[in-house]
Amino acid sequence: MFTHSNHPLVNNVLKPMLEEVYAELGYTLVFQEAEGARALKLLNDGLVDGDVGRLEPITRSLKNALSVAQLDTINVVLYCRLDIYCDQSVLQDTMSRILVQTQDATLKLLTREIVAKLYFNNDWQSILTMFDAGKVDYLLWIESHLIAPLTLKNINKTATPIGPFALSHLLHVKHKALAEAVSDKINKRLITLNQPLANQL
């Protein structure tokens, strides 16, 4: 059993890819959604076989897991409505209110240095609808090679000092013998993924 986050990249790209990889090695995967802290505890305790993909700051605390393959590199960006100031300094403005795209412990860890008021929401479509309707001024979002940028029309975008972070597939150490074969197959598939695949819209 593999734990995973609820991000569209995981559901639309990584899970199907891993199902193919492990099927070629003779395994059928079972998935369980779990937020960062719970997922890592399950993995460290050996109660699951691995995790589809977790970010580097979270994986540093693991003692009983192997990073088998780097799946992607994640960047955190700030989206702003067109008619307002858009700069990473907004993150340190106590008067700013910023929507964050998930309640997962990972994003909370990555945003802990931000002093602006943060609002967490893991309803993807609701977030985009609110932003598009002008009900949200600022939005933290993640982008990468495998995640298409937002296609909303009323936005500016700026970089943030958060990241970049490696996103890695993990296995419990009891499956160490599988690591090299899994890594080889994943890396071959990643070479063919030349276009962003996980459009959230």
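Looking across the stretch 148-190, the residues that are farther than 21 Å from Val68 by Cα and of a type outside the set (A, V, I, L, M, F, W, C) come down to Pro149, Thr151, Lys153, Asn154, Asn156, Lys157, Thr158, Thr160, Pro161. Within the stretch 1-30, the set of residues being part of a loop (DSSP other than H, G, I, E, B) and either of a type in the set (S, T, N, Q) or in contact with a strand residue (DSSP E or B) (Cβ under 7 Å, 6 or more places away or on another chain) (or both) comprises Met1, Ser5, Asn6, Thr28, Leu29. Scanning the stretch 122-164 for residues that are more than 17 Å from Arg81 (Cα to Cα) and among the basic types (Lys, Arg) yields a count of 0. The condition (being at pLDDT 90 or above, open to solvent by 40 Å² or more (accessible area, probe 1.4 Å) and farther than 22 Å from Lys15 by Cβ) is satisfied by just one residue among Ala159, Ala116, Ala133: Ala159.
Exactly one residue among Val68, Val90, Val48 is surrounded by 13 or more Cβ atoms within 10 Å (Cβ to Cβ), among the β-branched types (Val, Ile, Thr) and in a helix (DSSP H, G or I), and that residue is Val90. Screening the stretch 31-45 for residues that are within 20 Å of Asp123 (Cα to Cα) and assigned to a loop (DSSP other than H, G, I, E, B) and picking the one that is modelled with the lowest pLDDT gives Glu35. If the condition is being open to solvent by less than 60 Å² (accessible area, probe 1.4 Å) and assigned to a loop (DSSP other than H, G, I, E, B), then the stretch 119-130 contributes only Asn121.
The values are calculated or read from the model by the stated rules, or taken from the named source; none is laboratory data. Note that the structure is predicted; figures quoted are calculated from it, not measured. Virtual Cβ from ideal backbone geometry, glycine too; neighbours counted across all protein chains shown. When the accessible area is computed, the model is the full protein with side chains, heavy atoms only, and any ligands, DNA or RNA have been set aside. Shrake-Rupley method; radii C 1.70, N 1.55, O 1.52, S 1.80 Å.
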